[in-house]
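To start, the structure itself, in structure tokens.
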Amino acid sequence: MKERAEYIVSYDISSDKVRRRIEKILKDAGLRRVQYSVFNGVVAADRIKFLSERFKKLERILTHSILVYIIKNGAMEVFEF
């Protein structure tokens, strides 16, 4: 079985179009919405690769930051896109 980790993703995006695309990416990654701009879930630890690839495709229109917190084995990593 793949190693799993808890993901918490937070963003502040004013563009409805970009926000909808980000929401779809997060749902496709297996995360669920817990607040308007916060998603979380326990998924495969390597899902950051999926998110990174998808966010990279939006790089030219992504002007705000997305924070991804990964909690695994009592340690936390933070990624910013």
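The values are calculated or read from the model by the stated rules, or taken from the named source; none is laboratory data. Everything numeric here is computed off the predicted structure, so don't read it as measured data. We place every Cβ from the backbone using ideal geometry, glycine too, and count neighbours over all the protein chains shown.
Being under 18 Å from E77 (Cβ atoms), basic (K, R) and surrounded by 11 or more Cβ atoms within 10 Å (Cβ to Cβ) is true for just one of R21, R4. Which residue is that? Talk me through it step by step, then tell me what you get.
On the way: R21 fails: under 18 Å from E77 (Cβ atoms).
It is R4.
Can you tell me which residue in the range 48-81 is modelled with the highest pLDDT, limited to those that are of a type in the set (F, W, Y) and either in contact with a Cys (Cβ under 7 Å, 6 or more places away or on another chain) or closer than 24 Å to K2 by Cα (or both)? Steps first, please.
Residues of the range 48-81 of a type in the set (F, W, Y): 50, 55, 69, 79, 81.
After this cut, where a residue has to be either in contact with a Cys (Cβ under 7 Å, 6 or more places away or on another chain) or closer than 24 Å to K2 by Cα (or both) as well, the list is 50, 55, 69, 79.
Numbers: F50: 93, F55: 88, Y69: 96, F79: 93.
The extreme case among them is Y69.
Sort out which residues of the range 63-81 are within 9 Å of the chain's Cα centre (by Cα) and among the hydroxyl-bearing types (S, T, Y), and write them in order of number.
Within the range 63-81, just Y69 meets the criteria.
Return the pair list, or none, for Cβ contacts closer than 6 Å from residues in the range 51-73 that are exposed (fewer than 12 other Cβ atoms within 10 Å of the Cβ) to residues that are outside any loop (DSSP other than H, G, I, E, B) and hydrophobic (A, V, I, L, M, F, W, C), at least 6 apart or on different chains.
Going by the 6 Å Cβ cut-off, the qualifying pairs are I61/V18.
So how many residues does the range 24-47 have that are surrounded by 14 or more Cβ atoms within 10 Å (Cβ to Cβ), among the aliphatic types (A, V, I, L, M) and closer than 20 Å to M1 by Cα?
Selection size over the range 24-47: 5.
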